Amino acid sequence: MMTGKRLVISALVLALVQIGFLSWIIAGRAAILRHGKEVLLKIEPVDPRDLLRGDYIILSYDISRIPVKMIANIPAGKLSSDDTSIAVRLKKGVDGYWTPTTAWFGKAPTQAAADEADISGHVAAGWDLREEGASIAPDYGIERFYLPEGEGMAIQNDMRVRPFGIKLVLASDGTAQIKALVDGDKTLFEEPLY
């Protein structure tokens, strides 16, 4: 009889821990969307559809390829990046879009100015940092945007004709969350907080 009660109590505790963990993840994302710094990046579509998940666009940005010469702290003799984080400093342009100005492996050594923001990403191992004109492709976790069913192809076709953008919100540590897909000044799709 006591074993049954312990089993039920253990199951309830496990369920509460799981619910708490999921709530923590959702609240963290919502906090970034609510309180982070908003930036706008130009995008180019790569692929509009996944048969199992519906319509989406894989996004490419100005920050998707970082020239090695832009990275300020490459140690002498470094052949390739190890599996590491990268901070990319963005600056707002006159057109409203933010573009990369410099980058660092690890964290940025200085605080970003008011018209700047830092986005953090991850660089996989194996990039050649010796070659003149070489670049790396960080992963920021913002490379895919899901759309309502049937919207992907039309939006991808429109992106080939005029510029679209992604509104991001950046946390103080550089973590990025996609806030909205925009067509000029018009917001097409906005991510809900929860």
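The values are calculated or read from the model by the stated rules, or taken from the named source; none is laboratory data. Treat the numbers as computed from the prediction; the structure is a model and nothing was measured. Methodologically, a virtual Cβ is constructed for each residue, glycine included, from the backbone with ideal geometry; neighbour enumeration extends over all protein chains shown. Please note that ligands, DNA and RNA were not included when accessible areas were found on the heavy atoms of the full protein model with its side chains. Shrake-Rupley method; radii C 1.70, N 1.55, O 1.52, S 1.80 Å.
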Can you list residues from other chains, or at least 5 along the same chain, whose modelled amide H is less than 5 Å from the amide H of Ile136? Ile66, Val68
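Before I look further, what does the chain give for accessible area per residue, probe 1.4 Å, in whole square angstrom? Spell out each step's value before the answer.
Working: 11630 Å² over 194 residues.
Computed with neighbouring chains in place, this is 60 Å² per residue.
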Using the Karplus curve 6.51 cos²θ - 1.76 cosθ + 1.60 with θ = phi - 60°, work out ³J(HN,Hα) for each residue of the stretch 168-185 in order, rounded to whole Hz, and write x for Gly and Pro. 10, 10, 10, 6, 4, 8, x, 5, 10, 10, 6, 9, 7, 9, 10, 10, x, 8
Looking at the chain from every direction and averaging, what is the projected area of its Cα convex hull in nm²? 15.8 nm²
Projected label distance in nm at Tyr146 and Thr110, using a 7 Å step from Cα toward the beta-carbon: 4.1 nm
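Please report the net charge: other residues with Cβ closer than 11 Å to the Cβ of Trp104, K and R +1, D and E -1. Could the numbers behind the result be given before it?
Working: positive: Arg89, Lys107; negative: Asp118.
Net local charge, Trp104 excluded: +1.
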Percent relative contact order for the chain, counting Cα pairs under 8 Å at least six residues apart, stands at 27 percent
Got a sec to turn the phi values of the stretch 111-126 into Karplus ³J(HN,Hα) couplings, 6.51 cos²θ - 1.76 cosθ + 1.60 with θ = phi - 60°, whole Hz, x for Gly and Pro? 6, 6, 6, 4, 9, 10, 8, 10, 10, 9, x, 9, 10, 6, 5, x
Which entries in the list Lys107/Lys186; Lys69/Lys91; Lys37/Lys186; Lys69/Lys179; Lys92/Lys186; Lys107/Lys179 go over 27 Å, if you measure between the two C-alpha atoms of each? Lys107/Lys186; Lys69/Lys179
Amide H of Asn73 versus every other amide H placed in the peptide plane: which residues, excluding those fewer than 5 positions away on the same chain, fall under 5 Å? Phe105
Whole-Hz Karplus ³J(HN,Hα) for the stretch 18-35, in order, using 6.51 cos²θ - 1.76 cosθ + 1.60 and θ = phi - 60°, x for Gly and Pro? 5, 4, x, 5, 5, 5, 5, 5, 5, 5, x, 5, 5, 5, 5, 4, 6, 10
Considering amide H positions built from the backbone, and no H for Pro or chain starts, which residues 5 or more places from Thr102, or on another chain, come under 5 Å of its amide H? Arg89
